[in-house]
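Colleague: Pasting a structure here, questions to come.
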Amino acid sequence: MLYVEFTLNVLSLIIIVSGSLLTGYFLRSRQLKKKQHKIAELRKEMVYNHAQILELQIEYVELEKSVNISKVPVLPMNKAVTETKESVAL
């Protein structure tokens, strides 16, 4: 039967465990920093997109106002019908 003796010093065990803890902590903190950076970037993009949408809405409202206020006087159909009925009644 093959028998291998393996001894581990308590000090080396503490060093290995603490090294593993520090390595895991630094790797996880790096992942969290990347994730937070990505979230901040996406938030900036969303704010920028919302600002663009609001600008387009303002332009749309201004364009709609300019279309509604035409320089050529046009009578609405229902108003023209009532005016012709009034003129016929006179």
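Colleague: Would a scan of region 4-16 turn up a residue that is in a helix (DSSP H, G or I), at pLDDT 90 or above and under 45 Å from the mean Cα position of the chain (by Cα)?
Modeller: Checked region 4-16: at least one residue is in a helix (DSSP H, G or I), at pLDDT 90 or above and under 45 Å from the mean Cα position of the chain (by Cα).
Colleague: May I ask you to list the residues in region 1-28 that are of a type in the set (S, T, N, Q) and loosely packed, with under 10 Cβ neighbours inside 10 Å?
Modeller: Listed by number, the residues that qualify are 7, 9.
The values are calculated or read from the model by the stated rules, or taken from the named source; none is laboratory data. A quick note: this is a predicted structure, and the numbers were derived from the prediction, not measured. Cβ coordinates were reconstructed from backbone atoms using ideal geometry, including for glycine residues, and neighbour counts include every protein chain displayed.
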